[in-house]
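Input: one structure, supplied below.
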Amino acid sequence: MESFLGLTAAAWGVVMALAPALQIKRMITRRSSADISLGYFALLLPGFALWIAYGWTRADWPLVVPNILAFTVTLTTIIIGLTLRRRSQRHHQGHR
């Protein structure tokens, strides 16, 4: 039962890790990250890193793998958000 629960939790962790992809899609579609809190996503990154480190020390791969994925997708969300904000600022500065 414990291994089943661990694998189920890890599988759902992968789904949760991919959830920010919905925000990425929204930002790309709208070509804006103005309505997305990048601070929220930045706050999550240290937590993912800590869970990765903890899982790594225990060789707990069902904990490590979803958190690596979550860290990567969240970092990608932040990078895309910042890129869109910089483009928007340059665009607005050019129209002054």
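The values are calculated or read from the model by the stated rules, or taken from the named source; none is laboratory data. Because the structure is predicted, anything quoted here is derived from the model rather than measured. Here Cβ is always computed from backbone atoms with ideal geometry, including for glycine, and neighbour counts include all displayed protein chains. The accessibility values were calculated without ligands, DNA or RNA, using every heavy atom of the protein model including side chains. Shrake-Rupley method; radii C 1.70, N 1.55, O 1.52, S 1.80 Å.
Which entry in (i) 13.8; (ii) 14.7; (iii) 16.2 is this structure's computed Kirkwood radius over Cα pairs in Å?
Here Kirkwood radius over Cα pairs in Å agrees with entry (ii).
Right, next: Ignoring ligands, DNA and RNA, what percent of the accessible area of the chain is carbon or sulfur (1.4 Å)? Numbers along the way, then the final one.
On the way: 4710 of 6990 Å².
In the chain, the share of accessible area belonging to carbon and sulfur is 67 percent.
Same structure, new question: Find how much the distance from residue 38 to residue 22 grows on full extension, using 0.36 nm per residue of separation minus their present alpha carbon separation; answer in nm with one decimal. Display every interim value, and only then the final one.
Working: separation 16, 0.36 × 16 = 5.76 nm, distance 1.40 nm.
Length gained between residue 38 and residue 22: 4.4 nm.
Separate question: Label residue 7 and residue 59 with points 7 Å out from Cα along Cα→Cβ: what is the distance between them in nm?
If labels sit at residue 7 and residue 59, their model points lie 1.9 nm apart.
Something else now. Keeping every protein chain present and rolling a 1.4 Å probe, give me the accessible area per residue for the chain in Å².
On a per-residue basis, the chain sits at 73 Å².
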